[in-house]
1. Strictly over 22 Å apart at the Cα level, which of LYS199/LYS277; LYS153/LYS230; LYS230/LYS264; LYS38/LYS153 would you flag in this model?
2. Beyond a 30 Å Cα-Cα separation, which of these cross-linked pairs lie in this structure: LYS21/LYS72; LYS254/LYS275; LYS125/LYS202; LYS202/LYS280; LYS125/LYS290?
3. Quick one: length gained pulling LYS125 to VAL193 fully straight, 0.36 nm per residue minus the C-alpha distance?
4. Can you tell me the FRET efficiency between LYS264 and LYS204 if r is taken as the Cβ-Cβ distance and R0 is 30 Å, rounded to the nearest 0.05?
5. Assign one of three labels to the stretch 110-149, namely rounded, prolate or oblate, based on the Cα gyration tensor with a ≥ b ≥ c the square roots of its eigenvalues; rounded applies when a/c is under 1.5, prolate when it is not and a/b is larger than b/c, and oblate otherwise.
6. Using 7 Å Cα-to-Cβ label points, what is the ALA134/LEU33 separation (nm, one decimal)?
7. Report the extension gain between TYR43 and LYS98 in nm, rounded to one decimal, defined as 0.36 nm multiplied by the number of residues separating them, less their alpha carbon distance.
8. Please state, as a whole number in µm²/s, the translational diffusion coefficient that the Stokes-Einstein equation yields for the stretch 74-136 at 20 °C and 1.002 mPa s, with Rh defined as the Kirkwood radius across alpha carbon pairs.
Amino acid sequence: FGDRQYVEIFGEVRQEGKVKKYGGMTLQDLLYLSGGLKQSAEYGRIEISSIINIDSAKSDQTPTRTVMRTMKVLPTLELDSASASYTLRPFDQVYVRKNATFELQQLVQVNGLVKYSGPYPRLSKNERLSSYIARAGGLRENADVNGAILYRKKTQYYSDNVKKNVTALRDSTEGIELDSVRTSLTEVAQEFVSIDLYKALKYKNSQYDIILQDGDIIFIPEINPFVSVKGTVQSPVKLTFNKEHTNIGYYIDKAGGFGIRPWKKRVYVTYANGKSKRTKNIFFFHFHPKVDEGSIITVP
């Protein structure tokens, strides 16, 4: 008529969960039944939570309480003799902590018009954008250095990602790990980061030469020789960029001029890397931003 006894194990073992307890079961037996320790296990950080005086309510003894014990692990991920022979109690919970300094290779994807595109492992946590471009063999001849875009996924530590995964907060045994090797462009294409690759390569280790993270995707497009004119114009059109004409008026004129009730004070230009510049107004004078290859002129 006795309750079925079990123990639980969590953390850096190959198989987490409940294990049926039998008489004389030791900590080493539990680790064996759980598939053993992972290479990412922390030395000396196996914690055991035990319930003392579990039948105290029946015999009017001291109240039930929980105690914690910490066991040591050898550098070979084996237990010492004292820890291995430790006998588990019913309903014990064993936590194998993770080594904070251990991690697998982290990859950054460099795509587009570089000499050798593909994934590149991070050499250090402080490796910057210019270093990856150099390792990729540099830019090709027709690469648009001003149109480079960074795609960055939301890791499990981003607050937005945690808010969307409420179940991960309820159950601490289920993480929301994201595998950087399997990161695809479709997963992050909706949220790109505008960067200035020209200044990053010119001023290395500056604020423009940003530190890349695991799973980042750098895309360097081909030079776009066109300029698009959209919004309140007579005929929205896509035109060939003319290096001799970098003013907005030239391209709006090619689109037939302004349409009905254009908001000239709010005309803005979106560049190839996603950044935008607005028109600056001083009294009745409008100072429009310059136009570059791949720009989009929008007239509200």
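1. Numbers: LYS199/LYS277 18 Å; LYS153/LYS230 31 Å; LYS230/LYS264 13 Å; LYS38/LYS153 27 Å.
Beyond 22 Å between Cα atoms: LYS153/LYS230; LYS38/LYS153.
2. Details: LYS21/LYS72 22 Å; LYS254/LYS275 24 Å; LYS125/LYS202 22 Å; LYS202/LYS280 28 Å; LYS125/LYS290 37 Å.
Violating the 30 Å limit, Cα to Cα: LYS125/LYS290.
3. Working: separation 68, 0.36 × 68 = 24.48 nm, distance 1.93 nm.
Stretched fully, the LYS125-VAL193 segment lengthens by 22.6 nm.
4. Details: r = 40 Å, r/R0 = 1.35.
So, using R0 = 30 Å, E works out to roughly 0.15.
5. Values: a/c = 2.29, a/b = 1.72, b/c = 1.33.
Prolate, since a/c reaches 1.5 and a/b exceeds b/c.
6. The two pseudo-label positions are separated by 5.5 nm.
7. Computed gain between TYR43 and LYS98 is 18.9 nm.
8. Numbers: Rh = 16.2 Å.
My calculation gives 133 µm²/s for D.
Bear in mind that the values in this text are calculations on the coordinates, not laboratory data. Owing to the predicted nature of the structure, the values given are computational and were not obtained by experimental measurement. When we count neighbours, we look across all protein chains shown, and the Cβ atoms used for this are built from the backbone with ideal geometry, even at glycine.
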